[in-house]
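The values are calculated or read from the model by the stated rules, or taken from the named source; none is laboratory data. If you're wondering where the values come from, they're calculated on a predicted model, not measured in any experiment. Here the Cβ is made from the backbone with ideal geometry for all residues, glycine too, and neighbour counts use every protein chain on show.
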Amino acid sequence: MTSNHHVIAILGDVAEYINGRAFKPSEWGKEGLPIIRIKNLNDENSKFNYSNEVFEKRYLVKKGDLLFAWSASLGAYIWKKDEAWLNQHIFLVKPSPFIAKLYLYYFLDKITQELYSAAHGSGMVHVTKKKFEETKIGLPPLSEQRSIVSKIEQLFSELDNGIACLKKAQEQLKVYRQAVLKQAFEGELTKSWREQQANLPSAQDLLDTIKTEREQAAKNQGKKLKPVTPLAKVELDELTELPDGWCWIKLGELTIGVEYGTSTKSLEKGEVPVIRMGNIQQGRIDWNDLAFTDDKADISKYRLLKGDVLFNRTNSPELVGKAAIYNGEMPAIFAGYLIRVNQIKELLHCKYLNFFLNSHPAKVYGNSVKTDGVNQSNINGEKLKSYPLPYCSPKEQEQIVQEIEARLSVCDNMEATIRESLEKAEALRQSILKKAFEGKLLSEEELTATRNDPDWEPAEKLLERIRAEKNQSKKQALT
């Protein structure tokens, strides 16, 4: 039901917007009150700078204050911590006593995306205070503002409960995926299949075949093999027991040498895409956000072949070690933070290898051998070749891949449905806010209840009060 009691005001009418202080690095410390920067609003885990100096009270933020980040990252926030100092590029929003703070908060939340679109600045976008204060806002009576806020929070609470359930389901799918991979590489998924096979090779047969095939592959490619030290008994004793006919083997024994990608600077446009670490996503290559090259020598040297497995050797501690298969979608080369495994395809199925490198046991091993720098970890080619891999015959590898894909395809479909539902939930959130500030969120019964409130008065009079109060504050500031 649409309310006929709204008036149009501007943000400059309904609140005062105090920009934070430009703190100098020399004023930062490890003690005192925290200094609120935009990164602290966007990330609850972001570290604060502190200051034990005393500044103007206008920059002091208290619990429950309304803030609006107007540069680089735009957004409205309710401060939920104790007292703190406010850094520049954030407004401390001081609403008029005649406007509900949360009504203004939800309005600012609603218009954030619109402000992004209209923002100034090519690198670090920002909203000018003049344009910001000229933004129009529908202003209903105060009692109606409170009812709108109550209705928004009721609907958002229901929506958040649904989103929480969807995200929990996402996490459960991740656990299920890893459970599938664990069973696969312990031989559980193909236990019945093995019982139906005759003349399966023994573990020693596999090792003999690996040695012969590796030597032949190196000879065919005119390469000299580097010796790989087999797993020692003490290492084997720490690994899980495998079925008969399986063996633990170092990944390096199944390759003719790993290969780092190009270190040449990429281009925004060019002849051939350069796959970078950001393109390695959930075991697949994401063909969005590509860089390119025109370098003929690099295109020849680093051209990917169908079935190549790429390993991310340098990334954050959480993401280092992820892998993906190149399926020949389009001609491409790979960047220096990636390693081409160069597995011997007759011995090691590319999908089997890719599933293994993205499994929990491989992640655990990677974590044990990675070297850590500032916000970055590295697993070099030698350490990659040392990965212990549960090995079975190529025929069984194919069967395992089929078993994994059959189960994970169900996960993929469920994840797609969850992502779609989450997108719809966000769209619904925006729809709720849109209706709220068009005066269409409350029913006629709810609107009638607000008009029976003792402090109800037409919005025109409310706006007059707001402007009068603002003028009075200006006069007091001058005296």
Which listed residue is part of a helix (DSSP H, G or I) and more than 22 Å from Pro227 (Cα to Cα), from Glu382, Glu405: Glu405
In the range 335-364, anything assigned to a helix (DSSP H, G or I) and in contact with a strand residue (DSSP E or B) (Cβ under 7 Å, 6 or more places away or on another chain) is listed as Cys350, Lys351, Leu353, Asn354, Phe356, Leu357
Pairs where the first residue, in the range 365-389, is more than 28 Å from Leu207 (Cβ to Cβ) and the second is charged (D, E, K, R) and in a loop (DSSP other than H, G, I, E, B), C-beta under 7 Å, 6+ apart: Ser377/Lys370; Asn378/Arg313; Asn378/Lys370
So which strands (runs of 3 or more DSSP E) stay within the range 226-329 end to end and still have 1 or more residues that are polar (S, T, N, Q), more than 28 Å from Val401 (Cβ to Cβ) and under 28 Å from the mean Cα position of the chain (by Cα)? 291-293
What pairs can you find where one residue is in the range 313-324 and closer than 13 Å to Val374 by Cα, the other is crowded, with 23+ Cβ neighbours inside 10 Å and not hydrophobic (A, V, I, L, M, F, W, C), and their Cβ atoms are less than 9 Å apart, with a gap of 6+ or different chains? Asn315/Gly321
Looking at Asp237, is it in contact with a helix residue (DSSP H, G or I) (Cβ under 8 Å, 6 or more places away or on another chain) and of a type in the set (Asp, Glu)? no
Please work out if Ala416 is farther than 30 Å from Leu236 by Cα and either surrounded by 16 or more Cβ atoms within 10 Å (Cβ to Cβ) or among the β-branched types (Val, Ile, Thr) (or both). no
Could you tell me how many of the residues in the range 191-222 are outside any loop (DSSP other than H, G, I, E, B), of a type in the set (Gly, Ala, Ser) and either at pLDDT below 95 or under 23 Å from Ala362 (Cα atoms) (or both)? 3
Test: residue in the range 192-214 that is within 24 Å of Ile404 (Cα to Cα), outside the structural domain of Pro388 (by the TED database), among the basic types (Lys, Arg) and free of Cβ contacts under 8 Å to residues at least 60 places away in the same chain: no
Output yes when any residue across the range 259-273 is among the polar types (S, T, N, Q), touching a Ser or Thr at 6+ places or on another chain (Cβ under 8 Å) and over 30 Å from Gln216 (Cα atoms), and no when none is. yes
Can you report the number of residues in the range 74-96 which are surrounded by fewer than 17 Cβ atoms within 10 Å (Cβ to Cβ) and either among the hydrophobic types (A, V, I, L, M, F, W, C) or outside any strand (DSSP E or B) (or both)? 6
Among the residues of the range 16-36, write down those that are over 23 Å from Lys130 (Cβ atoms) and touching a Leu at 6+ places or on another chain (Cβ under 9 Å). Leu33, Ile35, Ile36
Would you pick out the residues in the range 151-164 that are surrounded by 14 or more Cβ atoms within 10 Å (Cβ to Cβ) and farther than 13 Å from Ser421 by Cβ? Lys151, Ile152, Leu155, Phe156
When you scan the range 394-413, do you find a residue that is surrounded by 15 or more Cβ atoms within 10 Å (Cβ to Cβ), of a type outside the set (D, E, K, R) and under 30 Å from Glu457 (Cβ atoms), even just one? no
Can you say whether Ile152 is touching a Phe, Trp or Tyr at 6+ places or on another chain (Cβ under 6 Å), of a type in the set (Val, Ile, Thr) and outside the structural domain of Leu254 (by the TED database), as far as the supplied structure shows? yes
Filtering strands (runs of 3 or more DSSP E) wholly in the range 13-67 for at least 3 residues that are out of contact with any helix residue (DSSP H, G or I) (no Cβ under 7 Å at 6 or more places or on another chain) gives 33-36
So Leu225 ticks every box in (1) modelled with pLDDT of 90 or more; (2) surrounded by 13 or more Cβ atoms within 10 Å (Cβ to Cβ) but one. Which box is left unticked? (1)
Hey, can you tell me all the residues within the range 30-63 that are under 22 Å from Thr112 (Cα atoms) and more than 28 Å from the chain's Cα centre (by Cα)? Val61
Could you please find all residues in the range 427-476 being assigned to a loop (DSSP other than H, G, I, E, B) and among the hydroxyl-bearing types (Ser, Thr, Tyr)? Ser443
